[in-house]
Amino acid sequence: MMARAPQLHEMKSLTLLGSTGSIGGNTLDVVRHNSDLYRIHALAAGNNVAAILKQIIEFRPDVAVLATSRAIDLLATALADSALPRSNWPELVSGPAALVEVATAPSVDMVISAIVGIAGLEATYEAVRLGKRVGLANKEVLVSGGRLVMDAVAQSGAQLLPIDSEHNGVHQCLRAGNRDQVTKLILTASGGPFRNTSQHEMESVTPAQALNHPTWKMGQRITIDCATLMNKGFEVIEACWLFDFAPTQVEVVIHPQSTVHAMIEYSDGSVLAQVSATDMRMPIQYALTWPERWQASVPKIDWTQARHWDFAPPDFHRFPLLKLAYQCQEAGGSATCTLNAADEVAVEAFLKGEIGFPGIAAVVEQTLGRMPNRQPRTVGDILEIDKESRFMARELVARQPAALPVPARV
Ligand code: NAD
Ligand code: MG
C-alpha cells in the first residue's frame, strides 16, 4: 500500500465545531481515514443528540458540547442507555462559553470551524487569537467579522486555511507564483437550481425547489443562499478578507459543472485553475494536511470520459444579492454583518413559507437601508449589530407580501 504520509507526523488533536452538519460529517470521514494522525479532542454541535451520540461512540472525544443544557441532559440519558462505560464518557458541556473553551484548549492543535452562522464567530476568533491552526468552513465568520478576525490572524500568526471549496482552490493556485503578481481572483458558482429560471417564474418557486441544489449536498441555509447567489456574494467577501483583495479584483463566473472551483489571473494574463470532484473531503483534507498532500479516498476525475465545461457571467438583475454583497464589502464597517444577519432571517422566513423567494432579497436590501453603518471593534460589537439587524429584518419580514400560493399542477 502507498504510504499515506511521511513518518515524522505526531498525532494531532482536533476540535470540530459543527460536527453533526454536512462539513462536520465530511471532516469526521477524513479523520476516520487518518485515525493514526488526528484524534478528536472535542465535538461540538447544536441540538442533534442522536447524531453526536453516534460520533462520540466512534471517535471517543474528551469533550462534547451542545447548544443547550437541555440537549446535554438528553445526551447524558442517551449515553447511559448506550453500551459506552461511564468511565469512557466525554465531559459534557453546553453553550457559547463551552465552544470557546474547546476551541482554545491548550492541547488542541487545530480547530475546524463548521458551525453554521454567527454562532461560530467567537470560538473561531478566540482560536485565531491564540494562534491555533484553523480550518475555516464557516464563511459567516469573515462576512460578519472579517476585519477583526484578519487583524487577529496578523497579530497571532495563526494559519487560517479555507475549506470553502472556491477559497481552497484559490489557496492552492496562489502557491504557484507571487501574490503581488496576481491581478484577479475568479470564483466559480454552479448558478444554483434557478440558473435558467425567469424573473417571473422565480416569484413562485417553493422551498423544496430552492433546496434542490444541482451539484452539492449541504446544510439548508447555504443551499438557499446558493439559489439566490447570496452564497457567492458571501464568498466574494470571504475572498477579499482571506487573500487581501479589493472587491473589484474578485470576479464570479457561472460554471454549472462545479468542477473548476476557482481560478487566479496573473499580470501576464496567465490563468491557473483548481479542478477536483465536487467532494468537500478534498478541501477539508487539504486544510488538515497542508502544506503536505496525502492520499485521499475522494473520487478522481475520469479523463477518459468526454466532458465539456461551461462558463457564463452571472445575471446581477435576477440575482440582486450578489451585487449587494459587492456593495457591502465596498462600504465596509458593519454592512456585511447586517447583510449576513438579514439574509439568515429572510432565509428562515422563506423556508417557513412566510415570504416568497424574491422576498429574501427585498428583506435584505431594506434591512441594509435602515441600519446605520458602524465600525465594530470587538466580537461583542459584532454580536450586537447582528442582533439589531435581525430584529429589523424580522420586522420587515412581517411587512412583505405573503409567499405566492404554489401553482396547481395541470
Ligand atoms: P449544517 O447545517 O449541515 O451544519 C451546521 C452545524 O452547526 C451542525 O452541526 C449544527 O448542529 C451546528 N450548530 C448550529 N448552531 C449551533 C450552535 N448555536 N452551537 C453549536 N453548534 C451549532 O451546515 P454545513 O453545510 O455543514 O455548513 C457549515 C458551515 O460551512 C456554514 O457556514 C457553511 O456556509 C459552510 N460551508 C459549507 C459547505 C458544504 O458543502 N456544506 C461548503 C462551504 C462552506
Ligand atoms: Mg463555496
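With r defined as the distance between the Cβ atoms of K12 and R307 and R0 fixed at 41 Å, what FRET efficiency is calculated, to the nearest 0.05?
That gives a FRET efficiency of 0.65.
Just the protein heavy atoms count here, and of the accessible area of the stretch 78-128 at 1.4 Å, carbon and sulfur take up 54 percent. The modelled label-to-label distance for the pair L211/S198, using points 7 Å beyond Cα in the direction of Cβ, is 2.8 nm. Note on surface exposure: R86, R60 rank R86, R60 by accessible area, highest first, 1.4 Å probe. Bridge orientation summary for the chain: considering DSSP beta bridges with both residues in this region, about 30 percent are antiparallel.
Evaluate the relative contact order of the chain (contact order divided by residue number), counting alpha-carbon pairs under 8 angstrom at least 6 apart; express in whole percent. Display every interim value, and only then the final one.
Values: 739 pairs, mean separation 57.6, N = 410.
So the answer I get is 14 percent.
What does the charge dipole of the chain about its Cα centre add up to, to the nearest 20 debye, if the Cβ of each Lys and Arg holds +1 and the Cβ of each Asp and Glu holds -1? Can you show the working numbers first?
Numbers: 35 positive and 42 negative charges, 97 e Å.
The calculated dipole for the chain is roughly 460 debye.
For the stretch 275-383, what does the relative contact order come out to in percent, with C-alpha contacts under 8 Å and a separation of six or more? Spell out each step's value before the answer.
Details: 66 pairs, mean separation 21.6, N = 109.
The value is 20 percent.
Shown are K184, K217, K352, whose ranking by accessible area with a 1.4 Å probe and every protein chain present, most to least, is K217, K352, K184. In this rough spin-label picture, where each label sits 7 Å from Cα along the Cβ direction, the R374-A176 distance is 4.4 nm.
Sorting F311, F194 by accessible area puts them as F311, F194; the probe is 1.4 Å, largest comes first, and only protein heavy atoms count. Semi-axes of the equivalent ellipsoid for the stretch 1-104, computed as √(5λ) from the eigenvalues of its C-alpha gyration tensor and ordered from largest down, come to 25, 15, 12 Å.
Enter the mean projected area of the convex hull around the alpha-carbon atoms of the chain, in nm², rounded to one decimal. It would help to have the intermediate numbers written out before the result.
Details: hull surface 91.0 nm².
Computed as one quarter of the Cα hull surface, the answer is 22.7 nm².
Starting from the Cα of A154, step 7 Å toward the Cβ, then list every residue of the stretch 236-252 with an amide N under 13 Å from that point. Output list for this probe position: 241-245.
Taking only protein heavy atoms and a 1.4 Å probe, the accessible area of the stretch 242-298 is 50% carbon and sulfur. Here the relative contact order of the stretch 27-96, from alpha carbon pairs under 8 Å that lie six or more residues apart, stands at 32 percent. Report the FRET efficiency, 1/(1 + (r/R0)^6), for R70 and R293, where r is their Cβ-Cβ distance and R0 is 41 Å, rounded to 0.05. Working from the Cβ atoms, E equals 0.45.
Once you reduce the stretch 359-380 and the stretch 138-196 to the center of their Cα atoms, the two points are 22 Å from each other.
In the stretch 11-53, carbon and sulfur make up what percent of the accessible area (probe 1.4 Å)?
On the way: 740 of 1350 Å².
Ligands and nucleic acids excluded, carbon and sulfur give 55 percent.
Placing a pseudo-label 7 Å from each Cα along the Cα-to-Cβ vector at A97 and A402 gives an inter-label distance of 4.5 nm. Of the peptides 316-328, 286-298, the order by per-residue mean of other Cβ atoms within 10 Å, starting with the highest, comes out as 316-328, 286-298.
The values are calculated or read from the model by the stated rules, or taken from the named source; none is laboratory data. Note that the coordinates shown come from a computational prediction; the quantities given were computed from them, not determined experimentally. Note: ideal-geometry Cβ built from the backbone for every residue, glycine included; neighbour counts use all protein chains shown. In case anyone asks, the SASA skips ligands and DNA or RNA and just uses the protein heavy atoms, side chains included. Shrake-Rupley method; radii C 1.70, N 1.55, O 1.52, S 1.80 Å.
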